[in-house]
1. Please give the number of the condition C:Phe246 fails out of (1) at the interface with another protein chain (Cβ under 10 Å from one of its Cβ atoms); (2) modelled with pLDDT of 90 or more; (3) touching a Gly at 6+ places or on another chain (Cβ under 9 Å).
2. Exactly one of these conditions fails for B:Met137: (1) at negative phi; (2) at the interface with another protein chain (Cβ under 7 Å from one of its Cβ atoms); (3) out of contact with any Ser or Thr (no Cβ under 6 Å at 6 or more places or on another chain); (4) modelled with pLDDT under 95. Give me its number.
3. When you go through B:Ile183, B:Ile199 one by one, which is the residue that is of a type in the set (Val, Ile, Thr), surrounded by fewer than 22 Cβ atoms within 10 Å (Cβ to Cβ) and more than 26 Å from A:Ala44 (Cα to Cα)?
4. Which residue, of C:Arg55, C:Arg113, C:Arg31, is part of a helix (DSSP H, G or I) and within 14 Å of chain B (Cβ to nearest Cβ)?
5. Does the stretch C:285-301 contain any residue that is within 14 Å of chain A (Cβ to nearest Cβ), aromatic (Phe, Trp, Tyr), out of contact with any Cys (no Cβ under 7 Å at 6 or more places or on another chain) and within 23 Å of C:Ile379 (Cβ to Cβ)?
6. Scan the stretch C:184-203 and tell me whether some residue there is more than 11 Å from chain B (Cβ to nearest Cβ) and over 28 Å from A:Leu68 (Cβ atoms).
7. Please name all residue pairs, on different chains or six or more residues apart, with Cβ atoms under 7 Å, provided the first residue is in the stretch C:483-498 and is within 23 Å of C:Leu430 (Cα to Cα) and the second residue is assigned to a helix (DSSP H, G or I).
8. Residue check, C:Leu322 against (1) more than 27 Å from C:Leu198 (Cα to Cα); (2) within 11 Å of another protein chain (Cβ to nearest Cβ), all met but one. Which one?
Amino acid sequence: MDTNTIDYKKERAGYYKILVGLLLLTAVTFIQPHLFMTHSTFLAQMLIAVVKAWLILMFYMHLKGEKLIIWMTGFSLFIVFTFFAIVIGVDVQKFQFQDESYITKSSTKAHTTDAVHSEPASHSAH
Amino acid sequence: MSHEYIPEIATDRDGNEHEVQGWQGDFYGGKLGFWLFMFTEVLMFGAMFMVLSYYNTLHPQDFLDASASLNRVLGGTNTVILLVSALTMGLGLLKMRTGDVKGAKLMIWATILLATAFLVIKGFEWSAEYHHGIFLMHDQLLAESPLPFGQKLFFGMYFTMTGLHGFHILIGIGLMIWLLKRINAGKVSQDHHILYWNIALYWDIVHLIWVFVFPYYYMIGAGGVTGGH
Amino acid sequence: MSKSYFDETHCAIGHPKSTFMQWMLTIDHKRIGLMYAAVMFTFFFVAVATAFVMRLELFAPGAQFIDGDTFNQAFTLHGVIMIFLFIIPGVPAVLGNIVMPLMIGAKDVSFPRLNWFTFWLYILGALVALASLFTDAGFADTGWTFYAPYSLNTGTNVIFTLVAAFILGMASILTGLNFLVTIHRLRAPGMTFWKMPLFVWGIYATAWIQLLATPVVGITLILAIMEKYFGIGIFDPAKGGDPVLFEHLFWIYSHPAVYLMILPAFGIMSEIIPTFSRRTIFGYRSIALSSASIAGVGYLVWGHHLYTSGMADTAKVIFSFLTFFVAIPTGVKFYDWVATMYKGKIILSTPMLWALGTIITFTIGGLTGVTIAMIGVDIHLQDTYYTVAHFHYAMLGGVVFLFFAGLHYWFPLVTGKMYNEKQAKIAFYLQFVGFNLLWFPMFIAGYYGMPRRYFDYLPEFQIYHQFSFFGAVIFITGLTYMFVVFFKGWTKGKPSGTNPWNATTLEWHMPSSPPPLENHSKVPYVDFEPYEYHHGEPVVKFDYETMKRID
């Protein structure tokens, strides 16, 4: 890393720009449930988080231009996503004992009486 | 590292000289090593998120209900605090790289202050939850309480993950204090700032984890009031 | 005579005068590797002794001299030591530490102090693991897999073992991290990835598994601790948790961990076969890439441990196919090794004998693994002696046999002495015969339904257990004899010279034997393939003073 040729002002301006971007995205996080994609808050929130993470990785963590480390990061994230895809997407999505299992049965019974917020009748599967 | 090191030269058969990379003073190697360490953090929290979404899949409604009851104001404040602290950390590193040691130290102190503020707010949040009967080994989270499994698991993971994240913040504060000591001892300088660089990276990964922890816990149930999820 | 790494060292803290402290504080990769070896083989013998106690108990049906609870603790102790203290750190920590930097022409690993720290982390983990042996509650009785919910409810000291496994996992991660950076940064000029010796490839693939799989089990163990002490109920169905999730998380690490064990061992095989066939290795790139793809695919097969646990049927089918798929790169390696030997000038030295023996035993272990990767067959054979025999053929007959091969191969490099070849061969034959006699009957017993981890059995299984017992006696005799041969070799053996096997890779081009503190006198420029033989003679020759090629 060449430490002698740093344009201090330019880099500092870069830091502030990213800060503004991140703050805006945080604000979006808060208004999103009332503004857009209201039926898939989870997805919207995670998308915002991914954009924020990308900004932090590329600019705050100086990943831009680091070919080798980007590849390694990509590989690690790929591994995590594969674990998710298999355990969540393939296995538990197809949970075969929804009706007879103790761990799922008791909760569906309990939450209708105990829920903090009233559950709209139109609720379908997630 | 304290061992003196003069780069060696290897000569190939045509007489061309090639500089040998030693383990001493290897900036890129130090950075690479720290990135690799951060992957282990990603995998660790990744696995915890997997546990979380596993039970989210089994108990979708419980998760929304539990999430809706978290304090979004305190959580949001903490998000902003961490965001700003990432900036101060980055600016400090920038100052160090341009030779402004005093400015860099000031920025580290600012980061420590913000990190402490984060922990204090977290403490308020946890104690408020405790008074609502929601805490590990306490009242509603006990095995005999009628709270549905999904909510119990949500809160259990909430305390585990924010607790582990808070523990990382604590370690971060410790690292920054150590960094200040090293700067004062002259071991970290403009030309030799790998330690600073890596601690800044560490602080960013702590922030990065929060970027995902925050929406998954505080925000997924935010639309619950209007009925969407 | 010039000074070797036994005479001088760099230390992590200060410059202690006493030899003892110099060893304790050393940051020299060769010394650290030796210390790992000393500790690891001590534990290895403890675990072998535990296994022998179990074999004794199983000599006849009914309780002989230990009760069922002690038996449970015995197989847990055996598993925990063998897996976490011996075989997972095994080849990378010992041979990887000693040989890998020499092979790539580096002076040391990238972070020598971290290496030192890692060693002591490993010692700490080992102490924590064994500490529970001396507490009132006693050692864990869950088996090394710590399956929930039993591990969360048992009265024995599981937490000690979990914490130990976490610390040892940390040590494993740090070793992997260190090696990855070393391989990326410290290769001698000119040595591209395609010019690295295959052992380094094995270590490289392994290091990725250590780095990216170990954190998962680390966090699983933390979650189990949170559950036990903070009552969260993550894995206990009584509190709403799902034990299948524990098995998922546990095997996400622990299945790649078996590839973590075998890949560096395959690397050893890839060193030994060309050296003792005096031929360039057949299909260098296919072996290197198969290491990488075993590591890659190995991440995705953990589910075959969960066929009978209540996983979704779709997931079972996917895992079954992925598991078959691992056999392909493994098969590629074996064909490459056999093809290397074809028309080679095979020299049956002890390391080569071990390698050839492994080709037989690992093939049995590997192919029986494919049979139980089939869902239907596995439902019959799950948790029987068949499975036990399978993984012992793969682990003991694969990893440990190759580890021994590596020990024989690099013994002259490390000590500068040569052991008695004839006696070493006797030790090999004893172990090879004993090993097969010990484990093969278990395939049959398991097929007829002998379940694993039982301390009693029906009389019809007695014959298999007795064969196994005699096999165990022969095996342990051979094992002990092998270490006696090593010891005698080290104390009384003849000096071996720098390159006793006529090998080609860089670790055999040392200025003196044993190697000096900072390895090669000069770093060479690498413009050659790792295994170049011409008419049975190494092609590349060096002037050991300047490390310039003189061929």
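1. Of (1) at the interface with another protein chain (Cβ under 10 Å from one of its Cβ atoms); (2) modelled with pLDDT of 90 or more; (3) touching a Gly at 6+ places or on another chain (Cβ under 9 Å), only one is false for C:Phe246: (3).
2. Against the list (1) at negative phi; (2) at the interface with another protein chain (Cβ under 7 Å from one of its Cβ atoms); (3) out of contact with any Ser or Thr (no Cβ under 6 Å at 6 or more places or on another chain); (4) modelled with pLDDT under 95, B:Met137 comes up short only on (1).
3. After ruling out the rest, the residue left standing is B:Ile183.
4. On inspection, the qualifying residue turns out to be C:Arg113.
5. no
6. For the stretch C:184-203, residues more than 11 Å from chain B (Cβ to nearest Cβ) and over 28 Å from A:Leu68 (Cβ atoms): absent.
7. Partner pairs satisfying both residue conditions: C:Val485/C:Gln423; C:Val485/C:Ala424; C:Val485/C:Ala427; C:Phe486/C:Phe411; C:Gly489/C:Phe411; C:Trp490/C:Thr415.
8. The single condition C:Leu322 does not satisfy is (1).
The values are calculated or read from the model by the stated rules, or taken from the named source; none is laboratory data. The shown structure was predicted, so the numbers you read here are calculated from the model rather than taken from an experiment. So basically every Cβ, Gly included, is an ideal-geometry build from the backbone, and we count neighbours across all protein chains shown.
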